[in-house]
Structure formats: structure tokens, C-alpha cells
Amino acid sequence: MTGPAHRFAPGGPLRGSLAVPSDKSITHRALMLGAVSEGKTRVERPLWAGDTRATADVLRALGVRIDEAADGQAAVVHGVGLHGLRPPGRVLDVRNSGTTIRLLAGLLAGQRGDFTLDGDESLRKRPMDRVVEPLQAMGVEVSAREGRYVPLTIRGSAVSPVTYVLPVASAQVKSCVLFAGLHALGQTTVVEHVPSRDHTERLLRRAGIPVHWRGEEITIAGPAHVRLAQVTVPGDLSSAAFLAAAATLVPGSELRIEGVGLNPTRLGFFEVLRRMGGRIDWHVEGGEEPTDDGPAGEPWGTMTVRHAPLHGTRVAPSEIPLLIDEVPLVALLATAAEGETVVEGAGELRVKESDRLAAVAQLLGGLGAHVEARPNGFSVRPSRLAGGEIDSRGDHRLALLGAVAGLVCRDGVAVSDFAAADVSYPGFERALMEVSGG
């Protein structure tokens, strides 16, 4: 194990109200679209954490000025226009952020000059051919180590419109193609047989770019003029999921999560939790603005979660893209559910910050869970968790999973390298103490 261990143990019920950190996915996209916007973009309530810092630092290296408020609650991005990003004359380090490199590859496709993107040891193991292939189909000169790993080198060139069928549902790949399509002369279409999160489409519409749907097809036309004036980032549903799981599992809990994003394409985990018997409700209070082409902006509101007994369920492959970041939590909930829970079609988790399928089976198994790993998922039978120690493996989702597991394990859980949680939820331990009376 590496890094200092933090111990989480059973305590009182989770009660009260709190707000979760701002949405990581939306912050990435708002900073990037603001960078190529015509004029200034004001981003309210951005998330400043490991991955989004990587995005901001890379954009600054590309010549974009980003002013941050002293309290971190706002940022002003001084856009350089669609073709205004400049080669920095050095390798761009995205650290461990897969979102940064995959989305930025699309934005860089139509720029002038050569750009090389690299990352840390973990990122160098993650496949990038899923963005290399569509970019090459659009005429972009892009190369990767062994054809599929970072570093990526992109030589700015003319971008051709394309119709690209996603082989696997992925909001990151979809966003990369749409970002590249901003540069193309003509219509770029992405076909997704299974819907994925739609933050990019909503922000494009907010920036004045028409996005058209026809069945499974999403189409934009370029070259585009990006004019993104203002974005307010709601609370992150993936962060809220860990608190929702904790409140569901700990007897006597009743927790309100305020100001959280309620984008329908991010509610998959909470729908599964309801199906398992979870007592969870949410209502939209604002944020979404209708346009002729559909909604722009992000709905937000309040979520209330109460402790509840659970029963097992089956999570189908078609559901996975809408809860991809929360699949490990389904495994933890399943240990407390009556009957068996089966998750299928989650092979994408093998190429995240860690192999999350293998890690979840190993980590929860080490705490006493009955988890059977499968090639593209797992099955879980109910069990009483004893507790122990786990290594986050530098993966923020696994660090948070260990913390929530500690609340229901008989002897608690010591999470090594818990600092990894700061990538998406800085201050999680403090928030947990506030609502549990610790």
C-alpha cells in the first residue's frame, strides 16, 4: 500500500443537509469550450480538483487566460476563438485525466501546429485508440504509442466531416468527435446505439451551436462560432452517489443533498438504487433552459435519501453508460441486499484509472463480501462485511468506495492513499463527519 491510511468506521446515522462538490464532467467541458469561445466565459462554481486542474493548466499552456476568483467560486475564461490555441513548444501534461486528453484531442484537431499530449504512468496504460480512430477518419494527423497509448501527437490540419458510429457507448469519444466537428466544413454526425451522458450537447447548444437529433444520430455543422457567455456548474451526481449509498446503508439515516445536478443521463445509478428498494427522491428546481433545438444548461435540484432494506437486481448492459462511474457502489449495496445482484456489460471499467472490475471484486472480497468477478461484470451475494484494509490504487472512486464501506463494516476500513479522493471529491471525509455527528 502507498500513502497514509484513513480509517472509516461505523457510527451514527447520516442526517442533515449538504452540498456536494461541483460537477467534474461539466467543469472540464465549460473550460474547454470557454477557451475556444469568442469573448469571455464566466464559469460559476467550477470544480477545482486534480483532473480539472489538469485541464486548466493545459489550456493556459495553450495560450488561454483563466482568471480564478479568490474563493474558487468562479472563473473567467478569456476565449481565443476556435482556431486560437497555440503550440506551447513542449509536451502537454494532462496528468491522470482521461477526460482532458480525449476531449482536448478533438479541440486540437483543427488548430495550427503540432501538439503532444502525455500523462502519468496510470494514464499511459489506458487505451486512446478510441479517439485516434475517429480523428484519423476525419483526416486529422494523429499518432499514438503502439497506435493506442499516450503520448498522442496531433498535427493541426483540415478536418473533414464524418458520420461516426460509436463501437462502445462513450461520452468522451462522442465529445471528441463533436469538438473536432466544430472545425469541419459540413455536418459531423455521431451515432450512439446506447445513450451516454449529454453534457457536451447541452453546452454546445448554450454556446449557440445547433445540435440536431434524429433517432440515434447527433449532428452538428461546422465551422462553428462558439459563444459561451456563462455556465453555472451544479453539484456532481457521481459524488452524491457515495453519500446516497451511505445514507441507504446506515440505519436511521435521512440526508438531503442540495444544488445537485439532475441531468437525466446521469441518474442511472439512482434509478437502480430505487429498483433495489432504496428510498430516494429528487426534484428539479432550475437550471435547464428550453431552446428550439432542445434543452440548454443543466437541471439541478434537491435529492433526499433515507435508509432502506434492499433486494438484489440485474443491471443490464444497456444501463451501464448511464451509471459507469457508480458501478462499484452497486457492488457495495448488493452486499446488504437480499438475493443476488448481477451486473453485466461493464467491461469499460477495466480501462479506467485502475481495472475497477478486478479491483472491486478483490477489495470488497477482502472485506468479507461474496463477489464473483466476470469478464464484463460481477455477481454479488449478501454478506456481513468484517472490514480490514484496502489500497485505493490511486483511483478516486475506489478511495471513496472504501470510505463508504467502512461505515457498514464491523471493524471499519482503513483506506490507504485516500488522498486520491481529491480528484473528484475534495473534503469528503470532512463532509461525512459533518452529517454523521463525528
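Below is a table of values for the structure above.
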| quantity | calculated |
| --- | --- |
| Filter result for the condition that a residue is touching a strand residue (DSSP E or B) at 6+ places or on another chain (Cβ under 7 Å), at pLDDT below 95, surrounded by 18 or more Cβ atoms within 10 Å (Cβ to Cβ) and of a type in the set (Asp, Glu), over GLU298, GLU201, GLU288 | GLU298 |
| Qualifying residue in the stretch 71-81 (condition: touching a residue at least 40 places away in the same chain (Cβ under 8 Å) and in a strand (DSSP E or B)) | yes |
| Answer residue from the stretch 271-285, given it is farther than 24 Å from PRO46 by Cβ and touching a Phe, Trp or Tyr at 6+ places or on another chain (Cβ under 9 Å) and is surrounded by the most Cβ atoms within 10 Å (Cβ to Cβ) among those | GLY278 |
| Answer residue from the stretch 252-266, given it is surrounded by fewer than 18 Cβ atoms within 10 Å (Cβ to Cβ) and either at pLDDT 95 or above or not β-branched (Val, Ile, Thr) (or both) and is farthest from LEU14 (Cα to Cα) among those | PRO264 |
| Neighbours by Cβ (under 7 Å, 6+ apart or cross-chain): first from the stretch 271-286, in contact (Cβ under 8 Å) with a residue 60 or more places away in the chain; second β-branched (Val, Ile, Thr) and part of a strand (DSSP E or B) | LEU273/ILE280 |
| Test: residue in the stretch 140-163 that is buried (at least 22 other Cβ atoms within 10 Å of the Cβ) and farther than 24 Å from VAL94 by Cα | no |
| For LEU108: the one exception among (1) more than 24 Å from the chain's Cα centre (by Cα); (2) at negative phi; (3) at pLDDT 95 or above | (1) |
| Positions within the stretch 413-438 being over 23 Å from PRO234 (Cβ atoms) and surrounded by 19 or more Cβ atoms within 10 Å (Cβ to Cβ), in sequence order | VAL413, ALA414, VAL415, SER416, ASP417, PHE418, ALA420, SER436 |
| All positions within the stretch 92-129 that are surrounded by fewer than 18 Cβ atoms within 10 Å (Cβ to Cβ), in contact with a Phe, Trp or Tyr (Cβ under 9 Å, 6 or more places away or on another chain) and outside any helix (DSSP H, G or I) | PRO127 |
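Here is a yes/no grid of residues against (1) surrounded by 15 or more Cβ atoms within 10 Å (Cβ to Cβ); (2) polar (S, T, N, Q); (3) at pLDDT 95 or above:
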{"position": "GLY12", "(1), (2), (3)": "no, no, no"}
{"position": "SER17", "(1), (2), (3)": "no, yes, yes"}
{"position": "ASP23", "(1), (2), (3)": "yes, no, yes"}
{"position": "ALA30", "(1), (2), (3)": "yes, no, yes"}
{"position": "ALA70", "(1), (2), (3)": "no, no, yes"}
{"position": "ALA74", "(1), (2), (3)": "yes, no, yes"}
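The values are calculated or read from the model by the stated rules, or taken from the named source; none is laboratory data. A quick note: this is a predicted structure, and the numbers were derived from the prediction, not measured. Ideal geometry is used to build each Cβ from the backbone, glycine not excepted, and the neighbour counts take in all protein chains shown.
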